[in-house]
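Here's the structure we're looking at; comments come further down.
What follows is calculated from the coordinates using simple rules that are stated; it is not laboratory data. Keep in mind the model is a prediction, meaning the values are calculated, not measured. Here the Cβ positions follow ideal geometry from the backbone for every residue, glycine too, while neighbour counts run over all protein chains shown.
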Ligand code: BEZ
Ligand code: FE
């Protein structure tokens with residue numbers, strides 16, 4: 001018998017069902033056995049889809065065959081001393097037992113309810129198996145994971161074929177993952193989990209710049225560059241000037257903050273994806289000046305699809321989703337004594353702002369990239385022809401312990 005009891009009241013009599021994996025016992029709530037046909041103790045056992053109600057002497061008093069939808073278990077009696085004994089060919093009695101003059105409660109368990117009780121017991125056993133885990137946080141996280149995984153399987157009535165398809169999917173994810181390809185993070189991104197974790201941990205407050213996904217194309221230790229420098233050797237046909245300031249939440253400039261930026265090229269690829277680009281193309285680190293200002297020249301980023309030639313791409317295709325992200329520039333901004341922020345600036349003209357495949361767009365991160373006619377507004381040094389610009393303010397939260405390195 002399991003350790004879990006469910007209380008119920010039927011016909012005014014409080015009772016409980018004590019259930020285990022293989023049997024269910026019906027008792028009075030005070031622990032006294034339920035009397036049926038004058039004989040103490042009744043249990044209900046499940047054999048496949050068949051439920052058998054037994055009295056303590058193991059004489060079968062009621063036998064019910066569980067249909068797919070319904071497993072009915074009834075106890076009912078109206079008069080003393082007799083049992084209805086409709087015997088079947090195998091000698092099993094079905095029908096109602098009697099308990100003196102009392103009205104016996106009627107219990108009706110649906111198949112789903114019986115199943116639910118057994119599933120709950122299994123979930124409890126799996127959670128109980130963690131009782132000896134010495135790491136309290138690990139135990140807490142795994143307990144919740146088990147509970148929610150089991151709930152997911154029950155809620156969807158997961159079939160064995162579906163379960164196996166999921167196992168194969170995860171196996172394929174593992175096969176394609178390498179030091180250069182992290183399919184699991186991509187799955188987390190495309191299921192919205194990465195942004196949920198971001199929200200839980202970085203719900204920006206006090207007007208600080210909001211964060212968003214890091215993405216797989218960040219490469220640490222970008223080259224240091226001077227303010228105003230280009231982060232590429234080829235500004236192409238769509239040059240962009242990015243300028244901005246880093247401030248704290250009460251508007252004070254933060255000098256000497258580190259602004260680490262990276263973005264894709266006009267061919268949609270990041271340098272790390274493209275052997276034809278130099279490894280340092282379209283990325284760089286800057287220090288803010290004494291006014292908290294920074295600036296760099298680049299190319300206007302373009303919309304691009306995330307890597308969709310693996311299991312995640314397959315998942316997107318079979319679910320009717322596209323793989324696109326709206327054009328953006330990535331930034332990680334850090335300063336001593338302030339919280340670091342990992343964020344983007346999105347181009348307001350992108351058609352994918354409302355359907356980013358990784359759910360990374362926050363309205364506060366969308367900016368207008370202003371287009372300039374060189375005849376009217378001469379381009380800044382190092383830019384020729386038509387150009388565009390975007391000016392941004394990055395606001396960092398105070399955080400006494402944090403270092404920018
Ligand atoms: C990115 O912006 O670089 C990115 C983010 C999540 C998944 C794929 C790419
Ligand atoms: Fe990106």
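Okay, here's what the table says:
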{"quantity": "Residues of the stretch 188-208 classified as under 19 Å from the mean Cα position of the chain (by Cα) and more than 10 Å from ligand 1 (Cβ to nearest atom), total", "calculated": "11"}
{"quantity": "Flag if residue 198 is in a loop (DSSP other than H, G, I, E, B) and without any contact (Cβ under 8 Å) to a residue 40 or more places away in the chain", "calculated": "no"}
{"quantity": "Residues (away from ligand 2 (no atom under 14 Å from the Cβ) and more than 21 Å from residue 268 (Cβ to Cβ)) located in the stretch 316-343", "calculated": "318, 319, 320, 333, 334, 335, 336, 337, 338, 339, 340, 341"}
{"quantity": "Residues located in the stretch 379-392, provided they are at negative phi and surrounded by 12 or more Cβ atoms within 10 Å (Cβ to Cβ)", "calculated": "379, 380, 383, 386, 387, 388, 389, 390, 391, 392"}
{"quantity": "Answer from 211, 222 - the residue that is more than 20 Å from the chain's Cα centre (by Cα) and more than 12 Å from ligand 1 (Cβ to nearest atom)", "calculated": "222"}
{"quantity": "The listed residue being over 25 Å from residue 387 (Cα atoms), touching a residue at least 12 places away in the same chain (Cβ under 8 Å) and either surrounded by fewer than 22 Cβ atoms within 10 Å (Cβ to Cβ) or within 16 Å of ligand 1 (Cβ to nearest atom) (or both), out of 278, 290, 243, 348", "calculated": "290"}
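Listed here are the residues, each with its yes/no results for (1) more than 30 Å from residue 260 (Cβ to Cβ); (2) touching a strand residue (DSSP E or B) at 6+ places or on another chain (Cβ under 9 Å); (3) part of a strand (DSSP E or B).
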| position | (1), (2), (3) |
| --- | --- |
| 158 | yes, no, no |
| 167 | yes, no, no |
| 210 | no, yes, no |
| 233 | no, no, no |
